[in-house]
Amino acid sequence: MKITKIETFVLKVALGKERFYSSQCAFPERNSLLVRVHTDDGICGWGEGGQYGPAEPVAACIEHVLARHLLGEDPRDPVMLWERMYCGTRDFGQKGTYIEAISAVDIALWDIAGKAAGMPVSRMLGGAFRDKVAAYATGCYYRGEDYLDFRKQLPKLADEAASYARDGFKMLKVKVGLLDVREDIERIKTIREAIGEDTRLFIDCNHSYNAATAVDFARRVEQYDIGFLEEPVVPEDHDGYRRVRSRTSIPIAGGECEYTRYGFRDFVGKGCVDIAQPDVCVCGGLSEFSKILALCLAHNTLVVPHVWGSGVALAAALAATAVIPNTPHTANPVALQNAPAIEFDRNINPLRDELLTEPIRQKGGFVEIPNKPGLGVELDESVLKKYLHRHEEVHLS
Ligand SMILES: [Mg+2]
């Protein structure tokens with residue numbers, strides 16, 4: 001089998017008045033970079049890469065640099081091709097856009113390999129520990145024209161948080177870091193009261209604090225029974241991570257902005273986190289996720305993948321989540337205590353909800369792991385066309 005063509009698709013959906021904000025930026029649109037890899041025997045694979053920035057540079061890396069390492073090669077060798085792509089871009093890659101581009105292609109190669117073998121990707125990766133996984137809702141961003149006015153926000157925030165519990169979620173992750181610490185603590189207090197004691201609550205700072213502020217914040221919110229505190233400080237600040245982790249009883253999570261085995265070797269190896277959160281569309285794809293997982297297991301660090309993107313990203317994350325052992329083993333695993341969970345973004349995103357012919361949904365706070373060959377998903381071409389912003393293709397000459 002040979003790779004004959006690689007297509008890149010930049011998809012965009014403008015959000016208009018539905019735009020929302022994290023501590024770092026506004027989200028005026030949702031976008032995704034998808035890649036479709038074609039083979040000479042008719043099997044195609046889908047991948048997605050790059051979750052945080054613009055999709056165009058990721059597409060350009062694939063078209064202008066990575067494609068030449070792939071065209072004519074057998075797509076059923078994703079691990080070998082990963083090394084070839086990484087070594088071919090090491091001098092100017094290593095982190096960021098190039099690894100996101102490798103991630104997209106790598107996921108597509110695993111989709112092809114699974115389809116060719118007639119097996120789901122989770123089996124190709126060594127076997128699923130579970131056929132469904134607990135999902136946590138991600139929501140409670142800063143919303144509306146008065147998003148900086150926390151007093152006006154509190155009633156809306158309470159309604160939003162309660163809606164996730166009503167939808168069946170037993171776990172919720174919410175955002176802080178944009179406002180004065182005292183105001184963000186009011187948000188947490190409001191959310192905890194809205195969801196009651198039975199729903200688990202996690203907090204994501206999106207690296208908006210320095211270590212001193214993060215420790216202050218963490219100690220003040222300990223009383224609200226917080227399951228983990230995510231990205232308290234910037235990803236480069238390993239000392240800051242350790243300082244925060246040693247000064248609060250709340251488990252520390254992070255890793256969505258970390259790349260490859262080399263990044264996680266330092267991040268996890270230096271004791272920055274209790275829960276590692278590689279994003280398969282960012283960290284290097286499924287090939288590299290397997291290596292990151294092994295590294296985390298060697299440190300007894302629970303892996304809970306970060307997820308942000310279209311239905312393709314969600315399917316890839318589910319395959320990855322399926323193969324994470326309970327950490328440590330227990331006869332009665334509990335999500336995010338010793339078992340993984342799937343992040344289930346609840347912000348508006350038609351690329352997640354409309355793109356797949358059979359959208360991935362949660363039921364009672366759980367999501368099923370796809371069990372059809374490959375990633376187990378098919379895309380609706382009309383939806384692809386509807387949100388298409390840019391399309392390029394590179395052929396075997
Ligand atoms: Mg996060």
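Taken along its three principal axes, the alpha carbon spread of the range 68-183 comes to 59, 38, 21 Å, from the longest extent down to the shortest. Rounded to the nearest 10 degrees, the angle from helix 260-269 to the longest Cα principal axis of the chain is 30 degrees.
Sorting check: for 101-108, 262-269, which peptide has the highest mean count of neighbouring beta carbons within 10 Å, and how do the rest follow? Could the numbers behind the result be given before it?
Values: 101-108: 31.8, 262-269: 19.5.
Most protected by this proxy first, the peptides run 101-108, 262-269.
The slack between Asp167 and Asn210, meaning 0.36 nm per residue of separation minus the straight C-alpha distance, is 12.0 nm.
The modelled label-to-label distance for the pair Ala298/Asp380, using points 7 Å beyond Cα in the direction of Cβ, is 4.5 nm. Calculated FRET efficiency, Asp131 to Lys17, Cβ-Cβ distance, R0 = 45 Å: about 0.70 to the nearest 0.05. Take each peptide in 337-346, 380-389, 63-72, 169-178, count the other Cβ atoms within 10 Å of every residue, and average; sorted highest first, the result is 169-178, 337-346, 63-72, 380-389. Starting from the Cα of Asp77, move 7 Å in the Cα-to-Cβ direction to define the label point; list residues of the range 1-37 whose amide nitrogen is under 16 Å from there. Counting backbone N atoms under 16 Å from the label point, the list is 1-4.
Can you pick out the pairs among Lys175/Lys291; Lys189/Lys363; Lys12/Lys170; Lys12/Lys363; Lys132/Lys363 whose Cα atoms lie more than 20 Å from each other? Please list the in-between numbers first.
Details: Lys175/Lys291 30 Å; Lys189/Lys363 27 Å; Lys12/Lys170 31 Å; Lys12/Lys363 28 Å; Lys132/Lys363 10 Å.
Listed pairs above 20 Å: Lys175/Lys291; Lys189/Lys363; Lys12/Lys170; Lys12/Lys363.
Across the range 19-47, the residues whose backbone nitrogen lies under 11 Å from the label position 7 Å along the beta-carbon direction of Lys156 are 19-21. Placing a label point 7 Å from the Cα of Ala26 along the Cα-to-Cβ line, the residues of the range 123-148 whose backbone N sits under 17 Å from it are 141-148.
Packing around the peptides 199-209, 292-302, taken as the average count of other Cβ atoms within 10 Å per residue, puts them in this order, highest first: 199-209, 292-302.
If you build the Cα gyration tensor of the range 124-368 and take the root of 5 times each eigenvalue, what three semi-axes come out, in whole angstrom, biggest first? Walk me through the intermediate numbers first.
Working: eigenvalues 140, 102, 53 Å².
Semi-axes from the Cα gyration tensor: 26, 23, 16 Å.
Among the GluC sites (Glu not before Pro) found in the range 151-213, those both in a DSSP coil and sparsely packed, with 14 or fewer other Cβ atoms within 10 Å of their Cβ, are Glu197.
Search the structure for amide H atoms under 5 Å from the amide H of Lys2, placed 1.01 Å from N in the peptide plane, and list their residues when 5 or more places away or on another chain. For Lys2, the qualifying residues are Asp40, Asp41. Taking the longest Cα principal axis of the chain as reference, the axis of helix 181-195 is set at about 80 degrees. Restricting the chymotrypsin sites (Phe, Trp or Tyr not before Pro) of the range 86-135 to loop positions (DSSP other than H, G, I, E, B) with no more than 16 neighbouring Cβ atoms within 10 Å leaves Phe92. When the range 124-368 is described by a simple charge dipole with +1 on each Lys and Arg Cβ and -1 on each Asp and Glu Cβ, the residue from His299, Gly177, Leu229 located farthest towards its positive end is His299. For the pair the range 321-397 / the range 77-156, the C-alpha centres are spaced 9 Å from each other.
Over the chain, what is the percentage of antiparallel beta bridges among all DSSP beta bridges, to the nearest 5?
On the way: 32 of 54 bridges.
If I count the DSSP bridges inside the chain, around 60 percent turn out antiparallel.
Dipole magnitude for the chain: computed about the Cα centre from +1 point charges on Lys and Arg Cβ and -1 point charges on Asp and Glu Cβ, it is near 580 debye.
Under the 0.36 nm per residue contour assumption, what length would be gained going from the current alpha-carbon distance of His329 and Glu222 to full extension? Let's see the in-between values first.
Numbers: separation 107, 0.36 × 107 = 38.52 nm, distance 2.69 nm.
Extra length from His329 to Glu222 when fully extended: 35.8 nm.
Site pair Ile348 and Lys189 shows an inter-label distance of 3.1 nm when each label is modelled 7 Å from Cα along Cα→Cβ.
Rule-based calculations on the coordinates, nothing more; no lab input. Source: prediction; values computed, not measured. Don't worry about glycine lacking a Cβ; one is built from the backbone with ideal geometry, like all the others, and counts go over all protein chains shown.
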